[in-house]
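The values are calculated or read from the model by the stated rules, or taken from the named source; none is laboratory data. The shown structure was predicted, so the numbers you read here are calculated from the model rather than taken from an experiment. Cβ placement follows ideal geometry from the backbone for every residue including glycine, while neighbour counts extend to all protein chains displayed. The accessibility values were calculated without ligands, DNA or RNA, using every heavy atom of the protein model including side chains. Shrake-Rupley method; radii C 1.70, N 1.55, O 1.52, S 1.80 Å.
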Amino acid sequence: MKRKKILVTGGAGFIGGNFVQYMVKKYPHYYIYNLDLLTYAGDLTKHRAIEKNDNYCFIKADIADREFIMSFFEKEKFDYVIHFAAESHVDRSITNPSIFVTTNVLGTQVLLDASKEIGITKFIHVSTDEVYGELDFNPKTFFTEETPIQPNSPYSASKASSDLLVRAYHETFGLPINITRCSNNYGPFHFPEKLIPLTISRVLNDQKIPVYGDGKNVRDWLHVADHCSAIDLVLHDGVNGEVYNVGGHNERTNLEVVKTIISILGKSDTLIEFVTDRLGHDKRYAIDPTKLQKLGWNPTYTFETGITQTIKWYLENQAWWEQIISGEYKTYIESQYSFEL
Ligand code: NAD
Ligand code: TYD
């Protein structure tokens with residue numbers, strides 16, 4: 001039987017990287033291509049254990065490079081595309097929105113054109129709950145797939161724009177697509193500019209934790225392994241053209257998250273430093289995952305089991321994140337926070 005060819009874009013990043021490892025192990029009879037530009041957020045050292053597997057290969061390329069992508073698809077004739085590659089950090093989108101439009105919108109359109117050209121079997125567009133905008137603090141309100149798209153940051157606006165293009169390619173050309181919209185992820189290999197790994201790495205170094213505003217903003221946290229199993233299910237069983245929300249009802253204020261990490265690591269809350277709020281800071285995200293559950297998905301981690309596993313991973317893999325925080329990241333942190341933390 002012909003081996004299925006799966007193209008994963010952004011497979012050197014956090015979620016794409018976890019997904020590549022999940023797929024390489026779970027489906028030895030598939031061939032996994034990891035295409036990534038290796039921006040500041042891309043890192044291949046995480047794939048040392050699988051880089052010699054005969055069902056894995058890496059290609060350094062830009063998804064917005066139309067000429068390359070069109071001829072690459074023509075040559076390889078992929079069965080499935082799982083599209084993670086993106087600029088993903090809200091704070092960076094506030095300081096430099098342009099690259100978000102180039103990568104997230106134009107890059108996605110190039111991939112859609114190439115997928116249409118070769119008659120792909122499935123295109124999975126990995127999106128975010130942030131396209132729905134924000135919820136108020138009423139704990140009974142949730143984002144469903146019917147919630148209007150109302151993005152507030154340049155990041156979420158660029159993701160929403162790409163979602164609309166993906167939808168349009170289904171409606172206009174019949175491209176077999178799914179869009180997944182997941183809540184905030186955490187887990188192994190999370191880049192330490194995001195709240196959870198930033199907090200873990202800084203607590204371990206006895207450095208101050210910058211909490212934006214009053215710390216009462218709410219995020220809905222999902223362990224990355226549960227996001228991977230959700231995408232796997234949608235890839236194989238998702239109904240073409242459908243959107244699936246992904247989340248596990250793990251709502252926490254940012255302050256609760258930071259305090260939980262400090263407490264597990266046996267340090268003091270005096271490490272918390274309240275700093276100027278993010279511009280346009282969304283108040284609350286919370287996902288209703290009923291539609292995906294009906295398809296057969298359920299998360300395996302609670303926030304408590306997931307955060308404990310993640311902290312253990314950061315303790316056991318200190319060399320990985322120390323190498324990351326010594327590079328471009330250092331310059332970014334210095335420019336982002338105007339005072340010594
Ligand atoms: P990430 O920033 O860790 O990784 C992004 C990857 O994309 C990096 O490896 C980077 O090198 C690559 N990339 C960037 N520009 C590229 C280009 N032009 N061509 C090829 N590769 C390029 O991001 P992540 O947190 O792993 O998020 C992955 C996807 O999941 C994104 O689309 C994001 O919107 C979505 N998402 C993220 C979360 C979250 O909590 N992190 C939640 C829901 C959805
Ligand atoms: P982040 O990890 O950047 O994810 P997103 O903005 O996509 O939700 O931030 C999660 C929450 O943590 C968000 O409400 C902003 C807040 N935050 C801080 O309070 N301090 C920080 O240093 C960072 C990076 C985030």
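Against the test of being out of contact with any Lys or Arg (no Cβ under 6 Å at 6 or more places or on another chain), over 30 Å from Glu145 (Cα atoms), open to solvent by 20 Å² or more (accessible area, probe 1.4 Å) and modelled with pLDDT of 95 or more, the options Gly280, Gly266 yield a single qualifying residue, Gly266. Within the range 1-12, residues that are modelled with pLDDT under 95 sit with their Cβ atoms under 9 Å from residues that are of a type in the set (D, E, K, R) and open to solvent by 10 Å² or more (accessible area, probe 1.4 Å), at 6+ positions apart or across chains, in these pairs: Lys2/Asp79.
Of all the numbered requirements in (1) at pLDDT 95 or above; (2) open to solvent by 20 Å² or more (accessible area, probe 1.4 Å), Pro139 misses one, and that requirement is (1). Filter the range 19-54 down to the residues that are closer than 23 Å to Pro192 by Cα and either within 16 Å of ligand 2 (Cβ to nearest atom) or in a strand (DSSP E or B) (or both), then identify the one that is most open to solvent (accessible area, probe 1.4 Å). Residue satisfying both the conditions and the ranking: Tyr40.
Filtered by the rule that a residue be in contact (Cβ under 8 Å) with a residue 24 or more places away in the chain, away from ligand 1 (no atom under 16 Å from the Cβ), over 20 Å from Leu135 (Cα atoms) and open to solvent by 10 Å² or more (accessible area, probe 1.4 Å), the range 192-220 gives Arg202, Leu204, Asp206, Gln207, Lys208.
Somewhere in the range 3-11, is a residue within 16 Å of ligand 2 (Cβ to nearest atom), of a type outside the set (Lys, Arg) and either closer than 19 Å to Phe191 by Cα or open to solvent by 20 Å² or more (accessible area, probe 1.4 Å) (or both)? Checking the range 3-11: at least one residue is within 16 Å of ligand 2 (Cβ to nearest atom), of a type outside the set (Lys, Arg) and either closer than 19 Å to Phe191 by Cα or open to solvent by 20 Å² or more (accessible area, probe 1.4 Å) (or both). Contact annotation: residue pairs with Cβ atoms under 9 Å, 6 or more positions apart or on different chains, pairing a residue in the range 72-100 that is farther than 18 Å from Gly42 by Cβ with a partner that is among the hydrophobic types (A, V, I, L, M, F, W, C) and surrounded by fewer than 15 Cβ atoms within 10 Å (Cβ to Cβ), are Ile94/Leu279.
Name every residue in the range 85-122 that is closer than 19 Å to Gly13 by Cβ and among the small types (Gly, Ala, Ser), in order of residue number.
Matches in the range 85-122: Ala85, Ala86, Ser88, Ser93, Gly107.
Checked across the range 297-307, the condition of being away from ligand 1 (no atom under 16 Å from the Cβ), of a type in the set (D, E, K, R) and within 30 Å of Phe173 (Cβ to Cβ) holds for no residue.
What residue, of Thr147, Thr128, Thr108, is within 19 Å of the chain's Cα centre (by Cα), within 26 Å of Cys228 (Cβ to Cβ), more than 15 Å from ligand 2 (Cβ to nearest atom) and open to solvent by less than 60 Å² (accessible area, probe 1.4 Å)? Let's see the steps before the verdict.
Numbers: Thr147 fails: within 19 Å of the chain's Cα centre (by Cα); Thr128 fails: more than 15 Å from ligand 2 (Cβ to nearest atom).
The unique qualifying residue is Thr108.
Checking each residue in the range 244-255 for being open to solvent by less than 30 Å² (accessible area, probe 1.4 Å) and away from ligand 2 (no atom under 16 Å from the Cβ) picks out only Tyr244. Number of residues in the range 70-96 that are over 22 Å from the mean Cα position of the chain (by Cα) and not in a loop (DSSP other than H, G, I, E, B): the value is 7.
Please find, among Val258, Val239, the residue that is loosely packed, with under 14 Cβ neighbours inside 10 Å and among the hydrophobic types (A, V, I, L, M, F, W, C). Full working, then the answer.
Numbers: Val258 fails: loosely packed, with under 14 Cβ neighbours inside 10 Å.
Matching residue, one of Val258, Val239: Val239.
Only one of the numbered conditions (1) away from ligand 1 (no atom under 15 Å from the Cβ); (2) open to solvent by 20 Å² or more (accessible area, probe 1.4 Å) is violated by Lys122, and that is (2).
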